[in-house]
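Trainee: Quick one: the structure is below, questions incoming.
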Amino acid sequence: MLRHAKLLLAAPLLALAAACTTTSPDYCAVDVRGEIETAMRTVETKLGSGCEYHFDGYFQSLLTLAEANPDKNNRRYFSDHLMRVQEMGVISRRQAEGLYNRYFNVKFVSLQGDYNTCSQTCPIRKQVMSDMQAELHDKELGLLRASNDAASFYRADHLLKETDLVLEATCRACVAGGTR
(Lines give C-alpha, C1' and ligand atoms only; values in the text may rest on other atoms or scores of the structure.)
Protein backbone atom coordinates (compact mmCIF):
# COMPACT_ATOMS: atom_id res chain seq x y z
CA MET A 1 0.00 0.00 0.00
CA LEU A 2 2.83 2.40 0.91
CA ARG A 3 4.60 1.55 -2.32
CA HIS A 4 1.44 2.27 -4.30
CA ALA A 5 1.06 5.66 -2.55
CA LYS A 6 4.64 6.62 -3.42
CA LEU A 7 3.97 5.82 -7.07
CA LEU A 8 0.82 7.91 -7.00
CA LEU A 9 2.77 10.86 -5.61
CA ALA A 10 5.70 10.41 -7.97
CA ALA A 11 3.61 10.25 -11.14
CA PRO A 12 2.18 13.80 -10.89
CA LEU A 13 5.60 15.20 -9.93
CA LEU A 14 7.22 13.57 -12.95
CA ALA A 15 4.45 14.82 -15.21
CA LEU A 16 4.83 18.33 -13.82
CA ALA A 17 8.62 18.25 -14.29
CA ALA A 18 8.22 17.01 -17.86
CA ALA A 19 5.66 19.71 -18.63
CA CYS A 20 7.99 22.40 -17.32
CA THR A 21 10.92 21.24 -19.39
CA THR A 22 8.94 20.85 -22.59
CA THR A 23 7.00 24.12 -22.40
CA SER A 24 9.68 26.49 -21.07
CA PRO A 25 11.45 28.56 -23.73
CA ASP A 26 15.15 28.10 -24.42
CA TYR A 27 16.89 30.01 -21.66
CA CYS A 28 19.69 31.20 -23.95
CA ALA A 29 17.40 32.45 -26.71
CA VAL A 30 17.78 36.19 -27.28
CA ASP A 31 15.71 38.35 -29.59
CA VAL A 32 18.45 40.69 -30.80
CA ARG A 33 16.73 43.91 -31.85
CA GLY A 34 16.43 47.57 -30.97
CA GLU A 35 19.43 49.77 -30.18
CA ILE A 36 22.72 47.98 -30.82
CA GLU A 37 24.22 48.95 -27.45
CA THR A 38 21.16 47.67 -25.58
CA ALA A 39 21.19 44.44 -27.59
CA MET A 40 24.89 43.99 -26.78
CA ARG A 41 24.21 44.40 -23.05
CA THR A 42 21.41 41.85 -23.27
CA VAL A 43 23.74 39.41 -25.01
CA GLU A 44 26.45 40.04 -22.42
CA THR A 45 23.98 39.28 -19.62
CA LYS A 46 23.14 35.95 -21.27
CA LEU A 47 26.82 35.18 -21.86
CA GLY A 48 27.49 35.80 -18.18
CA SER A 49 24.71 33.50 -17.02
CA GLY A 50 25.62 30.20 -18.64
CA CYS A 51 25.08 30.86 -22.34
CA GLU A 52 28.71 31.39 -23.35
CA TYR A 53 28.49 28.60 -25.94
CA HIS A 54 26.03 30.78 -27.88
CA PHE A 55 28.61 33.52 -28.44
CA ASP A 56 29.04 32.89 -32.18
CA GLY A 57 25.29 32.99 -32.83
CA TYR A 58 24.87 36.10 -30.72
CA PHE A 59 27.76 37.80 -32.53
CA GLN A 60 26.23 37.05 -35.94
CA SER A 61 22.85 38.36 -34.74
CA LEU A 62 24.49 41.57 -33.53
CA LEU A 63 26.19 41.99 -36.92
CA THR A 64 22.82 41.53 -38.63
CA LEU A 65 21.27 44.14 -36.33
CA ALA A 66 24.13 46.56 -37.07
CA GLU A 67 23.70 45.95 -40.79
CA ALA A 68 20.04 46.89 -40.48
CA ASN A 69 21.04 50.04 -38.56
CA PRO A 70 24.32 51.24 -40.11
CA ASP A 71 26.25 53.79 -38.08
CA LYS A 72 29.90 54.83 -37.93
CA ASN A 73 29.76 54.28 -34.16
CA ASN A 74 29.08 50.56 -34.65
CA ARG A 75 32.82 49.92 -34.99
CA ARG A 76 33.40 51.35 -31.52
CA TYR A 77 30.38 49.54 -30.10
CA PHE A 78 31.69 46.21 -31.38
CA SER A 79 35.17 46.95 -30.07
CA ASP A 80 33.78 47.75 -26.62
CA HIS A 81 31.50 44.70 -26.71
CA LEU A 82 34.32 42.34 -27.67
CA MET A 83 36.54 43.72 -24.92
CA ARG A 84 33.78 43.28 -22.31
CA VAL A 85 33.13 39.72 -23.47
CA GLN A 86 36.87 39.04 -23.32
CA GLU A 87 37.03 40.46 -19.79
CA MET A 88 34.18 38.10 -18.86
CA GLY A 89 36.34 35.17 -20.01
CA VAL A 90 33.97 34.10 -22.78
CA ILE A 91 36.60 34.61 -25.50
CA SER A 92 40.35 35.21 -25.38
CA ARG A 93 42.01 38.52 -26.12
CA ARG A 94 43.35 37.04 -29.37
CA GLN A 95 39.84 35.98 -30.41
CA ALA A 96 38.45 39.44 -29.61
CA GLU A 97 41.16 41.14 -31.65
CA GLY A 98 40.76 38.63 -34.48
CA LEU A 99 37.01 39.15 -34.72
CA TYR A 100 37.30 42.92 -34.57
CA ASN A 101 40.02 42.99 -37.23
CA ARG A 102 38.20 40.51 -39.45
CA TYR A 103 35.08 42.70 -39.63
CA PHE A 104 36.10 46.25 -38.75
CA ASN A 105 39.76 46.81 -39.67
CA VAL A 106 41.36 47.21 -43.09
CA LYS A 107 44.20 44.84 -42.21
CA PHE A 108 43.68 41.18 -42.93
CA VAL A 109 43.92 38.52 -40.27
CA SER A 110 44.09 35.86 -42.98
CA LEU A 111 47.65 36.86 -43.85
CA GLN A 112 49.70 37.46 -40.74
CA GLY A 113 52.90 36.28 -39.22
CA ASP A 114 56.62 36.47 -39.62
CA TYR A 115 57.42 33.62 -41.93
CA ASN A 116 59.20 32.94 -45.17
CA THR A 117 56.85 33.75 -48.06
CA CYS A 118 58.68 31.46 -50.49
CA SER A 119 58.50 28.34 -48.37
CA GLN A 120 55.28 28.87 -46.43
CA THR A 121 52.92 31.15 -48.36
CA CYS A 122 53.69 30.42 -52.01
CA PRO A 123 52.78 26.71 -51.83
CA ILE A 124 49.33 27.65 -50.49
CA ARG A 125 48.95 31.00 -52.25
CA LYS A 126 45.56 30.17 -53.77
CA GLN A 127 44.20 29.13 -50.38
CA VAL A 128 45.59 32.30 -48.75
CA MET A 129 43.95 34.47 -51.41
CA SER A 130 40.69 32.55 -51.05
CA ASP A 131 40.77 33.11 -47.27
CA MET A 132 41.47 36.80 -47.79
CA GLN A 133 38.59 37.06 -50.27
CA ALA A 134 36.25 35.48 -47.70
CA GLU A 135 37.54 37.94 -45.12
CA LEU A 136 36.90 40.84 -47.50
CA HIS A 137 33.28 39.67 -47.59
CA ASP A 138 33.20 39.94 -43.77
CA LYS A 139 34.80 43.39 -43.98
CA GLU A 140 32.06 44.39 -46.40
CA LEU A 141 29.52 43.48 -43.73
CA GLY A 142 31.40 45.18 -40.87
CA LEU A 143 32.95 48.20 -42.54
CA LEU A 144 30.56 49.00 -45.36
CA ARG A 145 27.10 47.75 -44.41
CA ALA A 146 27.21 47.95 -40.59
CA SER A 147 29.51 50.94 -40.12
CA ASN A 148 28.81 52.94 -43.27
CA ASP A 149 32.58 53.34 -43.81
CA ALA A 150 33.02 52.94 -47.55
CA ALA A 151 36.50 54.52 -47.54
CA SER A 152 37.89 51.87 -45.16
CA PHE A 153 36.22 49.04 -47.05
CA TYR A 154 37.68 50.20 -50.35
CA ARG A 155 41.12 50.50 -48.72
CA ALA A 156 40.79 46.88 -47.62
CA ASP A 157 39.71 45.88 -51.14
CA HIS A 158 42.71 47.73 -52.58
CA LEU A 159 45.01 46.07 -50.05
CA LEU A 160 43.71 42.66 -51.12
CA LYS A 161 44.45 43.42 -54.77
CA GLU A 162 47.93 44.69 -53.93
CA THR A 163 48.63 41.60 -51.84
CA ASP A 164 47.60 39.35 -54.71
CA LEU A 165 49.98 41.16 -57.09
CA VAL A 166 52.87 41.16 -54.61
CA LEU A 167 52.39 37.47 -53.78
CA GLU A 168 52.24 36.56 -57.46
CA ALA A 169 55.46 38.43 -58.18
CA THR A 170 57.19 37.12 -55.06
CA CYS A 171 56.22 33.52 -55.75
CA ARG A 172 57.45 33.80 -59.35
CA ALA A 173 60.74 35.17 -58.07
CA CYS A 174 60.98 32.31 -55.57
CA VAL A 175 60.50 29.74 -58.32
CA ALA A 176 62.97 31.49 -60.63
CA GLY A 177 65.54 31.77 -57.86
CA GLY A 178 65.05 28.24 -56.65
CA THR A 179 64.22 29.50 -53.14
CA ARG A 180 61.07 27.44 -52.85
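Trainee: Assuming 0.36 nm per residue, please report the length gained on full extension of the stretch LEU165 to THR64 beyond their Cα-Cα distance. Please report the intermediate quantities before stating the final value.
Mentor: Details: separation 101, 0.36 × 101 = 36.36 nm, distance 3.28 nm.
In short, 33.1 nm is gained.
Trainee: Roughly to the nearest percent, how much of the accessible area of segment 69-142 is carbon and sulfur, given a 1.4 Å probe?
Mentor: Working: 1780 of 4070 Å².
Roughly 44 percent of what the probe reaches on segment 69-142 is carbon or sulfur.
Trainee: With r defined as the distance between the Cβ atoms of ARG125 and ALA150 and R0 fixed at 30 Å, what FRET efficiency is calculated, to the nearest 0.05?
Mentor: Numbers: r = 29 Å, r/R0 = 0.96.
For ARG125 and ALA150, the calculated efficiency is 0.55.
Trainee: With every protein chain present, what is the per residue accessible area of segment 75-180 (1.4 Å probe, Å²)? Please list the in-between numbers first.
Mentor: Values: 5970 Å² over 106 residues.
For segment 75-180, the per-residue accessible area is 56 Å².
Trainee: Suppose a student asked you for the relative contact order of segment 76-145, using Cα pairs under 8 Å spaced at least 6 residues apart; what percent would you report? All intermediate terms of the calculation are to be shown ahead of the outcome.
Mentor: Values: 41 pairs, mean separation 22.8, N = 70.
Reported as a whole number, the value is 33 percent.
The values are calculated or read from the model by the stated rules, or taken from the named source; none is laboratory data. Remember, predicted model here, so these are calculated numbers, not experimental data. Every residue, glycine among them, receives a Cβ derived from its backbone with ideal geometry; neighbour counts consider all protein chains shown. Ligands, DNA and RNA are stripped out before the accessible areas are found, and what is left, the full protein with its side chains, is counted by its heavy atoms. Shrake-Rupley method; radii C 1.70, N 1.55, O 1.52, S 1.80 Å.
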